[in-house]
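Beneath this line is the structure, given in structure tokens, with notes to follow.
Bear in mind that the values in this text are calculations on the coordinates, not laboratory data. Owing to the predicted nature of the structure, the values given are computational and were not obtained by experimental measurement. Because the Cβ atoms are built from the backbone with ideal geometry, glycine has one as well, and the counts that use them run over all protein chains shown.
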Amino acid sequence: MKPKPKLILLGGCVAVGKSTIAERYLADHALTLAINRDAVMSMMGQWLTHEDEARPYVYELVKVMIATHLRSGRDVLLPYLLLDAKEAEAFEAIAHENGAAFVELFLEVSGEDEAVQIALDRGVWGEGADPITAESIPIVRELYRRMEEALNARPKTVRVPAPRGEIDKTYNAFLHEIETNG
């Protein structure tokens, strides 16, 4: 009997390593689909000058992609900066509607100050986006606060420690939680 497909929602602050973990997972799990919202956004023409219009549309595209892949009986990994708990609720509903398990994990750092430093060290928001500079710090702090608020509304989210520079340790903890909770 084929195992039940999984939708793995992988949250975390800006530049914490969500995409890096996703890449490692894909290398080990054939035909799993990792959906990077920023990558989908960057495929839209002139998205930077139409970002407010593009974001909700990309969210809808991501939901369709998730449902389609889960219906095929395959896993989906969604590295995601969760700023609204209702989005996680929608992803969870999609998983259940398509006969999939839902695993919600969060790569956790030691706090807001570390999240800011991680973002500054990376230096860019994402592919094709503006650089992260000292002027960006209030934005990073606001994103962190919104992310924590969304997490507090999702008490079943499993927090996975993500110590800086320890990607192997983080990846192994991530795998353990998927096996335990999926």
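Which of the listed residues, F91, P3, T133, is farthest toward the dipole's positive end in the chain, when Lys, Arg count +1 and Asp, Glu count -1 at the beta-carbon? Going by the Cα projections, it comes out as P3. Put simply, the amide H of E108, placed in the peptide plane, has neighbours under 5 Å in V160, A162, leaving out anything fewer than 5 places away on its chain.
Distances between placed amide hydrogens fall under 5 Å for W125 paired with D130, I132, all partners being 5 or more residues away or on another chain.
In order along the range 98-114, the phi-based Karplus estimate (6.51 cos²θ - 1.76 cosθ + 1.60, θ = phi - 60°) of 3J(HN,Hα) comes to 10, x, 10, 7, 10, 10, 10, 10, 9, 7, 9, 9, 6, x, 4, 4, 5 Hz; Gly and Pro are listed as x.
Amide H to amide H, with H built 1.01 Å from N, A101 comes under 5 Å of K6, L7, counting only residues 5 or more places away or on other chains.
How tilted is helix 137-152 with respect to the longest principal axis of the chain? Cα atoms for both, answer in degrees (0 to 90, nearest 10). Compared with the principal axis, the helix lies near 30 degrees. Helical content of the chain, expressed as a calculated mean residue ellipticity at 222 nm, amounts to -16500 deg cm²/dmol (DSSP H runs of 4 or more residues, -39,500 (n - 2.57) each, divided by residue number, nearest 500). Full extension of the segment from E112 to R141, taken as 0.36 nm per residue of separation minus the current Cα-Cα distance, would add 9.8 nm. Shown here is the pair-distance distribution of the range 6-181: with all Cα-Cα distances grouped in 10 Å bins from zero up to the longest one, the shares run 9, 38, 40, 13, 0 percent. Over 20 Å between C-alpha atoms is what I'm after, so list which of K18/K169; K6/K63; K86/K169 land there. The pairs that break the limit, which is 20 Å between Cα atoms, are K86/K169.
Listed by chain and number, the aspartates and glutamates whose alpha-carbon sits under 16 Å from that of K2, ignoring those within fewer than 8 places in the same chain, are D75, E179. The range 109-182 and the range 1-39 have their alpha-carbon centroids 15 Å apart.
Could you give the size of the charge dipole of the chain about its Cα centre, using +1 on the Cβ of each K and R and -1 on the Cβ of each D and E, expressed in debye and rounded to the nearest 20?
Here the chain has a charge dipole of around 700 debye.
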